[in-house]
Amino acid sequence: MQTIDIAERMETNGGLKAFIMTLRPRRSADPRVAYGFCAVLGVFWFIAGLFFTISMGGWPLLGFFGAEFIFIAGMVHIFIRRTEVVETIEITADAVHITRRDLSGQQTKDFPAYWAQVSFSGSPTENAALEIRSHGDAVEIGRFLSASEKNRTADQIQDVLRRLKSAPTP
């Protein structure tokens, strides 16, 4: 499963009208499966805890049996919520628009398209920050991408910016 969700180009009259790329982290598991698994294990260990409490007299019921799966379900919930991130990079002839939506809200940054640059100092095997820069301002994108995905994304965005800068002006 790829982390890069959508990459699309629209061309009109032989020139680039807009390039839109949406980056979204992949989920490692469906939350319903994780919650169901924790619930089944929690019920199983709760029944085992009741058995040991009744037959052996006095083992801690929630301190040892069952409660750990409630904590695991809580951690799964926190992790799943952290993957609710969507980054959109839209490149038009005038500007590069970057929008990041996550749990804290929505951040938007615009750069002039002609001066925008992609900065990635890593390689397909070495992870580094992937940034879009212009006039001393920088925005990091794709923190959740692997090194090879960042390399591929940087090349793709750089290619679009290069074609945009070399296109004849009307």
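What to note about this one:
- Checked against (1) touching a Lys or Arg at 6+ places or on another chain (Cβ under 7 Å); (2) part of a strand (DSSP E or B); (3) over 16 Å from E90 (Cβ atoms), V139 meets all criteria but (3).
- Assessment of segment 102-109 against the conditions (open to solvent by less than 50 Å² (accessible area, probe 1.4 Å), more than 28 Å from I78 (Cβ to Cβ) and not aliphatic (A, V, I, L, M)) yields no matching residue.
- Single residue of A129, A147, A154, A167 found to be of a type in the set (A, V, I, L, M) and surrounded by fewer than 14 Cβ atoms within 10 Å (Cβ to Cβ): A167
- Segment 109-125: number of residues that are outside any strand (DSSP E or B) and among the β-branched types (V, I, T): 1
- The listed residue being more than 28 Å from the chain's Cα centre (by Cα), surrounded by 15 or more Cβ atoms within 10 Å (Cβ to Cβ) and either over 30 Å from L164 (Cβ atoms) or at pLDDT 80 or above (or both), out of G58, G122, G42, G63: G42
- Count of segment 110-119 residues which are within 14 Å of E90 (Cα to Cα), open to solvent by less than 80 Å² (accessible area, probe 1.4 Å) and either touching a residue at least 40 places away in the same chain (Cβ under 8 Å) or of a type in the set (S, T, Y) (or both): 3
The values are calculated or read from the model by the stated rules, or taken from the named source; none is laboratory data. These numbers were taken from a predicted model, which means no experiment stands behind them. Methodologically, a virtual Cβ is constructed for each residue, glycine included, from the backbone with ideal geometry; neighbour enumeration extends over all protein chains shown. Accessible surface is based on the protein model in full, side chains and every heavy atom, while ligands, DNA and RNA are left aside. Shrake-Rupley method; radii C 1.70, N 1.55, O 1.52, S 1.80 Å.
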